[in-house]
1. Is there a residue in the stretch 139-146 that is at negative phi, more than 18 Å from the chain's Cα centre (by Cα) and assigned to a loop (DSSP other than H, G, I, E, B)?
2. Out of the stretch 304-329, which residues are touching a Pro at 6+ places or on another chain (Cβ under 9 Å) and not hydroxyl-bearing (Ser, Thr, Tyr)?
3. Is there any pair with a first residue in the stretch 281-292 that is touching a residue at least 60 places away in the same chain (Cβ under 8 Å) and a second that is near the ligand (Cβ under 9 Å from one of its atoms) and in a strand (DSSP E or B) whose Cβ atoms are under 6 Å apart and which are 6 or more apart or on different chains, and what are they?
4. For residues in the stretch 176-196 being loosely packed, with under 15 Cβ neighbours inside 10 Å and without any contact (Cβ under 8 Å) to a residue 24 or more places away in the chain, which is nearest to Glu370 (Cα to Cα)?
5. Out of the residues in the stretch 96-139 meeting the condition of being of a type in the set (Val, Ile, Thr) and farther than 29 Å from Ser165 by Cβ, tell me which one is surrounded by the most Cβ atoms within 10 Å (Cβ to Cβ).
6. Please specify each residue of the stretch 178-193 satisfying the condition of being under 19 Å from Gly255 (Cα atoms) and outside any loop (DSSP other than H, G, I, E, B).
7. Can you confirm whether Glu131 is in contact (Cβ under 8 Å) with a residue 24 or more places away in the chain and either charged (D, E, K, R) or in contact with a Gly (Cβ under 7 Å, 6 or more places away or on another chain) (or both)?
8. Among the residues that make up the stretch 80-103, is at least one of them out of contact with any Asp or Glu (no Cβ under 6 Å at 6 or more places or on another chain) and within 21 Å of Glu305 (Cβ to Cβ)?
Amino acid sequence: MTGIARPTMINAFDPSAADDLNPETAHAIHRRNSVLGPGYRLFYERPVEFVRGAGAHLFAPDGTDYLDAYNNVQSVGHAHPRVAAAVYEQLQLLNVHTRYLQETLVRYAEDLLSTFPPPLARASFTCTGSEANDLAFRIAKHETGHEGVVVTRTAYHGITDRVSSFSPSLGPRSPLGPNVRIIDAPDALRAALLGVTDLGGEMRRRVCEAIEDLRRHGYGLAAFYADAVFSSDGVYTDPAGFLAPVADEVRAAGGLYVADEVQAGFGRTGEQWWGFQRHGFAPDMVTIGKPMGNGMPIAGLVLREGLGDKFGADMRYFNTFGGNAVSIAAAQAVLNIIREEGLMEQARRVGDRLRAGLGTILASSPHVAEIRGAGQFTGVDLVTDRGTLQPDVDLAARVVNDLSERKVLISATGVGNVLKIRPPLAFNDDDADRFLETFDGLRAVLGA
Ligand SMILES: Cc1ncc(COP(=O)(O)O)c(C=O)c1O
């Protein structure tokens with residue numbers, strides 16, 4: 001089988017179109033493709049190259065300034081000088097693993113845990129979000145004695161063999177495990193078309209059905225995983241509270257609730273540190289990553305007190321680079337900057353402004369079903385018809401690529417029809433003005 005399986009990545013550049021680009025770009029793509037391993041994808045119909053970043057801006061080799069409304073990893077801003085200094089200073093001192101006593105490691109764990117509500121009280125460090133989700137699964141399996149996993153329809157949790165087996169967003173050719181059950185994501189808009197008024201109750205019913213099926217097939221439930229803002233499913237944040245009944249159901253079945261905060265966490269939702277907090281419950285485990293080191297490879301798993309004791313007694317945990325001194329220095333700088341520069345509050349304020357501005361521009365568009373989100377996570381749901389809510393994937397691709405041509409970076413999610421606007425938290429009022437002015441230029445495309 002050849003070609004790219006859809007929908008694996010809606011905003012992927014099609015490598016067969018390389019020769020249609022200018023000769024230098026085509027040459028750069030051919031060189032890249034001749035040395036990189038399989039599965040890499042570039043963004044946009046016309047791939048872009050960057051050599052420098054600052055705040056929410058990325059700069060091309062010729063100096064062109066792109067507004068970054070997509071990258072959540074460099075959350076406190078591209079090339080933030082305080083992160084760079086913290087990394088440089090620590091690199092010159094020491095960069096060993098976690099098998100020696102180190103004050104900075106423990107101090108950071110204490111500081112990180114102070115952002116979580118009880119009973120979340122322990123932190124393990126990894127290099128990637130995938131590793132964190134993988135470790136969460138091993139612990140869930142060991143502690144519950146079960147193997148079943150429930151996830152949402154277009155969820156993404158990572159790249160290891162195990163975690164990819166419960167990441168359906170990798171596409172129809174990426175195998176799911178026999179122990180995996182899929183439920184529909186909490187799409188309140190389309191659920192309402194079917195008469196659903198209580199989204200929490202409906203989610204509980206879906207999870208209950210999946211758990212029952214896992215039981216019938218002899219797997220039982222080890223864990224339910226959900227990204228607290230459903231970033232790969234289409235950005236579903238409201239009505240806040242709909243995840244609490246799911247957590248009750250999961251626990252009643254003897255399973256563990258894993259909140260994947262790799263995208264939602266570190267203040268992105270603008271009100272509190274963690275996306276699950278909007279829903280008024282505490283998960284059993286929380287996986288974190290991406291913005292944690294502003295681009296340095298650090299991620300982690302946070303567990304409730306007591307959970308994992310059996311795992312820890314029966315086996316050891318060591319991750320060569322996970323939690324090394326330099327990554328910890330970067331992560332500590334990120335926590336300090338979020339607090340000292342008021343970035344959570346900025347995410348709430350500027351994110352609200354952005355959604356309000358988009359609402360004004362798009363009010364008359366027959367293709368916009370909903371503008372939703374929290375803090376600096378916004379989804380714009382594009383449809384062919386507001387009555388049937390049929391997703392309009394082609395329109396989303398057009399908007400994403402048109403914006404890129406206008407030097408503004410976003411992407412699309414869900415089945416590909418939801419514009420995904422997820423800038424660094426450093427995205428400020430001036431950036432929002434530029435974003436909205438540029439977006440205003442797309443009125444004709446969107447029929448607004
Ligand atoms: C929600 C979610 N979980 C887990 C991961 C995996 O993280 P990583 O790429 O650091 O392995 C990602 C990455 O995109 C993600 O978005």
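1. The answer is yes, given that some residue of the stretch 139-146 is at negative phi, more than 18 Å from the chain's Cα centre (by Cα) and assigned to a loop (DSSP other than H, G, I, E, B).
2. Going through the stretch 304-329, the residues touching a Pro at 6+ places or on another chain (Cβ under 9 Å) turn out to be 304-307, 321-322, 327.
Correct list: Arg304, Glu305, Gly306, Leu307, Phe321, Gly322.
3. Thr287/Asp260; Gly289/Ala299
4. Ala192
5. Only one residue fits best here, namely Thr115.
6. Answer for the stretch 178-193, where residues must be under 19 Å from Gly255 (Cα atoms) and outside any loop (DSSP other than H, G, I, E, B): Val180, Arg181, Ile182, Ile183.
7. Numbers: in contact (Cβ under 8 Å) with a residue 24 or more places away in the chain: yes; either charged (D, E, K, R) or in contact with a Gly (Cβ under 7 Å, 6 or more places away or on another chain) (or both): yes.
The answer is yes for Glu131.
8. yes
The values are calculated or read from the model by the stated rules, or taken from the named source; none is laboratory data. Keep in mind the model is a prediction, meaning the values are calculated, not measured. Note that each Cβ is placed from the backbone with ideal geometry, even for glycine, and that neighbours are counted across all protein chains shown.
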